[in-house]
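Notes follow once the structure below has been shown.
The values are calculated or read from the model by the stated rules, or taken from the named source; none is laboratory data. Only a predicted model underlies this, so the values are computations on that prediction, with no experimental measurement involved. So basically every Cβ, Gly included, is an ideal-geometry build from the backbone, and we count neighbours across all protein chains shown. For accessibility, only protein heavy atoms count, side chains too; no ligands or nucleic acids. Shrake-Rupley method; radii C 1.70, N 1.55, O 1.52, S 1.80 Å.
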Amino acid sequence: MHLFIMWGFLGLFLGTVLLSIDHYLVHFLYGVVYLYYSVILEIFGLLLLLGLIWALIRRYVQRLPRLENRKEDLGLLIWLLVVIISGFYVEALRLAFQQPAWTLWSFAGLGLSFLCPSTMNIPATYPYFWWFHALLSLGLIAIIPYSKLFHMMAAPVNIYFKDHPENGIDEACDSQNVEYSVKNLINFDACTRCGRCVEVCPAASVGEPLSPRDFILDTREHLFRKYKPFFRLPLFREQTNNNNLDDEVEGLWHCTTCN
């Protein structure tokens, strides 16, 4: 499931970058190259679509106990679904209007093109659908640093610093008397709320008040409030103030250091 979502998302992103290069810099997407480009993007799009449907089934049909189901989780999945479906529909409108000889190479869009109403004024409506899809896609990319999708960026950095000596990346923080190292902060950012740590935690499994995931999330929220510039404004500080961290720190006494 994750491979389908990752490669589908990455493939479509790279495909959009290539299309931008072709449009603004060097025109190279024509002839046989364009046909293979179309097929590959159709495959990446279908991979992403399949991965998203699979994710929805795991969360809301199978309901795996270790998975949290927050509004953000459903919102991001639906957002991605609308992005991919709207992209296919924009392609379908173009194919229905132009009816080029190579339509079979865009097989997913071709299938949707038969659903376009014959009475639709495609040249007039196409720009609106295109901008709807473009703004949704760009908005999704813009929201990545502020959502759980940020693990796409944090995880590689986390892996890079895994075997890195602590003092090499913490010199800048020595004078600030922080309670966590830079390496710790990177660890917190990489959490995806998958629940695997809770599932295997000996203390949590016997009902003791310790949840590794909740400790990580509450600590991360505490650090956001402490170090993010806009959280220093009274309005944001009051809205996010809670005592969850105190409860989680108390729960740490139940840790069995099982590693």
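Considering the range 199-214, the residues that are assigned to a helix (DSSP H, G or I) and either within 17 Å of residue 70 (Cα to Cα) or of a type in the set (Asp, Glu) (or both) include one that is least open to solvent (accessible area, probe 1.4 Å), namely 213. The set of residues in the range 1-33 being without any contact (Cβ under 8 Å) to a residue 60 or more places away in the chain and of a type in the set (Ser, Thr, Tyr) consists of 20, 24, 30. When 33, 26 are checked against the criterion of being over 18 Å from residue 77 (Cβ atoms), assigned to a helix (DSSP H, G or I) and among the aliphatic types (A, V, I, L, M), a single residue qualifies: 33.
Close contacts from the range 147-161, counting a first residue that is over 17 Å from residue 79 (Cα atoms) and touching a residue at least 24 places away in the same chain (Cβ under 8 Å) and a second that is open to solvent by 60 Å² or more (accessible area, probe 1.4 Å) and assigned to a helix (DSSP H, G or I), with Cβ to Cβ under 6 Å and a gap of 6+ residues or different chains, come to none at all.
Yes/no per residue for (1) surrounded by fewer than 18 Cβ atoms within 10 Å (Cβ to Cβ); (2) at positive phi:
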position	(1), (2)
22	yes, no
27	yes, no
31	yes, yes
48	no, no
75	yes, no
84	no, no
99	yes, yes
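The single condition from (1) free of Cβ contacts under 8 Å to residues at least 24 places away in the same chain; (2) assigned to a helix (DSSP H, G or I); (3) exposed (fewer than 15 other Cβ atoms within 10 Å of the Cβ) that residue 115 fails is (2).
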